[in-house]
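J.: Encoded as structure tokens, here's the structure I'll be asking about.
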Amino acid sequence: MAEPDGLTIGLLGDVMLGRKVAERLERDPDAEVWSSQVRELCRACDALVVNLECCVSARGAPTSLIADKPFFFRSPPSGVDALRAIGASLASVANNHTLDFGADALSDTLRHLQAAGVPPVGAGLDAESARRGAVVPAGSARVGVLAVSDHPAEFASGPASPGIAHADLSRGLPDWIGIELARLRSEADYVLAFPHWGPNMSPRPSRWQRQRAKELLAAGADAVAGHSAHVFHGVELTPQGPLLYDLGDALDDYAIDPDLRNDLGVLALWRPGGRLELVGLHLDFCRTELAAGEHADWIAARLEDACGELGTSVRRIEEGRFAIAAATQADV
């Protein structure tokens, strides 16, 4: 299918609606966790895919599946309104916080997201449903999304047990990923692989992530957009599609590393077959706005270095907005 005029698919990394964000939402269900500019930009996309870094439930107790787990993230059911506020089309729940409060909370999460019109992908009540991708409208086109997480193995779904779509991606792609990408390829105009992978606070993709990303494209994805590190990585462009190794965070209440600046993330604007843009985000405490001033300058410098390592160039088209392109000979 030819690219529809102006088709834009927005991609956001970790949206964490638990802890202090949850407390704010419980005190004031109308609390604005997104600036009006962020809301408008996200809602202007033909589709918006996000990673939901928490469960959504009023039930459950902190899981004992992982010994000494330090963080447990749970949003009240009203938290889904924060996803609807930005026009989220689909939420990945393949990550290391989906089972933080057990199977009942996971079941509630899936139900609340479906009821809000934000289909979940990447977790389920059994392995078959957890691994099944989803297809959602994107303007006049359809986009298929496969979500997978490489950690924790303790949260993996089983043949008859709830959990996430888990794969040890550092060792390769399991057969089910190729099979599912092929199914999505047959049902959608564009296919996105959306992995939650790699360690926290890593500033660049590892060798295995770069290899797996290319394998995901070869298996049928048109783009790969990852998350997990809490800091954004550079972008690599290939003839088969863009590789956004990590989008960084989009909303949270986390402590800030002054060197890695995990309070700065990006919204990717993916136009299949066309331009790729990144928009800088500044994560204030429990609220996200567009990056400006020194925050936008930091993102600009970081992108120039990180993308340069991957053979791409960055052109600043607005204060906090950046066009990504293949490096020219003059850039090398």
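J.: Fully extended, how many nm does the chain gain between D126 and E294 (0.36 nm per residue separation, minus their Cα-Cα distance)? It would help to have the intermediate numbers written out before the result.
T.: Working: separation 168, 0.36 × 168 = 60.48 nm, distance 4.63 nm.
Full-extension gain reported as 55.9 nm.
J.: Whole angstrom only: what separates the Cα centroid of region 169-245 from the Cα centroid of region 29-70?
T.: Centre-to-centre distance over Cα atoms comes out at 22 Å.
J.: Pull out the extension gain between A153 and A327, defined as 0.36 nm times the separation in residues minus the alpha carbon to alpha carbon distance; nm, one decimal.
T.: Details: separation 174, 0.36 × 174 = 62.64 nm, distance 3.83 nm.
Fully extending the segment from A153 to A327 adds 58.8 nm.
J.: In whole percent, what relative contact order does region 107-234 give with Cα contacts below 8 Å and a gap of six or more residues?
T.: Numbers: 264 pairs, mean separation 28.7, N = 128.
Over region 107-234, the number comes to 22 percent.
J.: Pairs of alpha-carbon atoms within less than 8 angstrom and 6+ residues apart define the contacts here; what relative contact order does region 1-145 have, in percent?
T.: Working: 267 pairs, mean separation 37.2, N = 145.
Relative contact order of region 1-145: 26 percent.
J.: Where nothing but the Cβ of Lys and Arg (+1) and of Asp and Glu (-1) is charged, how large is the charge dipole of region 207-292 around its Cα centre, in debye to the nearest 20?
T.: Numbers: 8 positive and 13 negative charges, 107 e Å.
The dipole magnitude comes to about 520 debye.
J.: From the backbone phi of region 81-91, what are the Karplus-calculated ³J(HN,Hα) couplings (6.51 cos²θ - 1.76 cosθ + 1.60, θ = phi - 60°) in whole Hz, Gly and Pro given as x?
T.: 5, 5, 6, 5, 4, 9, x, 4, 8, 6, 10
J.: Related question: Any idea how far apart E40 and E187 come out in nm if each label point goes 7 Å out from Cα toward Cβ?
T.: 3.6
J.: Among R185, R210, R19, which one moves the most in a GNM of the chain with springs linking Cα atoms closer than 10 Å?
T.: With Cα springs under 10 Å in the chain, the top fluctuation among R185, R210, R19 is at R210.
J.: Using the Cα gyration tensor of the chain, with a ≥ b ≥ c the square roots of its eigenvalues, what is the shape: rounded (a/c below 1.5), prolate (a/b larger than b/c) or oblate (neither)? Please list the in-between numbers first.
T.: Details: a/c = 1.44, a/b = 1.18, b/c = 1.22.
The shape class here is rounded.
J.: Follow-up question, since we're still on this one. Please tell me the relative contact order of the chain in percent, rounded to the nearest whole number, where contacts are Cα pairs under 8 Å and at least six residues apart.
T.: Numbers: 862 pairs, mean separation 54.0, N = 332.
Rounded, it is 16 percent for the chain.
J.: Which percent, nearest 5, of DSSP beta bridges in the chain are antiparallel?
T.: Working: 37 of 66 bridges.
Counting only bridges with both partners in the chain, antiparallel ones make up about 55 percent.
J.: Rank these residues by their accessible area, most exposed first, probe 1.4 Å: I256, I164. Could you put the intermediate results ahead of the total?
T.: Values: I256 95, I164 0 Å².
Most to least solvent-accessible, the answer reads I256, I164.
J.: Please identify, among N95, N200, N262, the residue showing maximal mean-square fluctuation in a Gaussian network model of the chain using a 10 angstrom Cα cutoff.
T.: Taking springs between Cα atoms under 10 Å, the residue moving most is N200.
The values are calculated or read from the model by the stated rules, or taken from the named source; none is laboratory data. Keep in mind the model is a prediction, meaning the values are calculated, not measured. Every residue, glycine among them, receives a Cβ derived from its backbone with ideal geometry; neighbour counts consider all protein chains shown. What goes into the accessible areas is simple: the full protein's heavy atoms, side chains included, and nothing from ligands, DNA or RNA. Shrake-Rupley method; radii C 1.70, N 1.55, O 1.52, S 1.80 Å.
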